[in-house]
1. Got a sec? Charge dipole of segment 43-155, +1 on Cβ for Lys and Arg, -1 for Asp and Glu; which of Thr115, Gly59, Thr101 is way out at the positive end?
2. Can you give me the three principal axis dimensions of the chain from its C-alpha atoms, in Å, biggest first?
3. Can you pull out the chymotrypsin sites (Phe, Trp or Tyr not before Pro) in segment 55-149 whose DSSP state is coil and whose Cβ has at most 14 other Cβ atoms within 10 Å?
4. Considering only Ala117, Ala132, Ala94, give the residue with the highest GNM mean-square fluctuation for the chain, with springs between Cα atoms whenever their separation is below 10 Å.
5. Compute the long axis of helix 73-85 from its Cα atoms, compare it with the longest principal axis of the Cα atoms of the chain, and write down the angle in degrees, 0 to 90, nearest 10.
6. Rank His141, His56, His121 by mean-square fluctuation in a GNM of the chain with C-alpha springs under 10 angstrom and give only the top-ranked residue.
7. Rounded to the nearest 20 debye, what is the charge dipole size of segment 73-156 about its Cα centre when +1 sits on each Lys and Arg Cβ and -1 on each Asp and Glu Cβ?
8. Among the GluC sites (Glu not before Pro) within segment 1-97, which fall in a DSSP loop and have no more than 11 other Cβ atoms within 10 Å of their own Cβ?
Amino acid sequence: MQEKYGGRGRGPMEVRVWLRMLSCTMTVEKELRRMFTEEFGTTLPRFDVMASLERHPDGQTMGQLSKALLVSNGNVTAVVRQLSDKGLVSTRPAENDRRTTIVALTEEGRKRFATLAKAHHDWIGSVFSGFAPERQEELFHLLADLKSSIGERLEK
């Protein structure tokens, strides 16, 4: 992958770091989107919804899903409808508030997610295979420090 400006970007370092992180993230995400479409005929947003539901076996409300995925309720509604049409999720009214919908993976959805998650892990492993494990560990800790710093700044 070629670097813009030969890797000699100008401007403040924090902007250059941000753009480098964004470039890496967008590149990996583009590859994941392509792989999900080509190999499974599905989308990254569907996988993301299923991943969130897999972590909540009793289900989540549509609001909880949209908050967890950082997307609008409308986006979640469309994806949940697609997954429901394929029999991968079920919906039911909440016991304490009939206006609230609970979404959960079906048994078929759990099986499908397990297949997708395995492929996802394999693809991520492949993307990072040329980056030494000790460098991955170092980057992981640096990003944790950055996340903490950002969180502290935003809490003020």
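1. In segment 43-155, that residue is Thr101.
2. Cα spread of the chain along its principal axes, largest to smallest: 55, 43, 27 Å.
3. Details: sites: Phe113, Trp123, Phe128, Phe131, Phe140; in loops: Phe131.
Here the chymotrypsin sites (Phe, Trp or Tyr not before Pro) that fit, given the DSSP loop and packing criteria, are Phe131.
4. Ala132
5. Value to nearest ten degrees: 60.
6. Looking only at His141, His56, His121, the largest GNM fluctuation is found for His141.
7. Working: 13 positive and 12 negative charges, 100 e Å.
Roughly 480 debye, rounded to the nearest 20.
8. Numbers: sites: Glu3, Glu14, Glu29, Glu31, Glu38, Glu39, Glu54, Glu95; in loops: Glu3, Glu95.
Within segment 1-97, the qualifying GluC sites (Glu not before Pro) (loop, at most 11 other Cβ atoms within 10 Å) are Glu3, Glu95.
Laboratory data are not the source of any read-out in this text; all were calculated from the coordinates shown. Computed from a prediction, not measured in an experiment: that's the story for all the values here. Neighbour counts run over all protein chains shown; Cβ positions are idealised from the backbone, glycine included.
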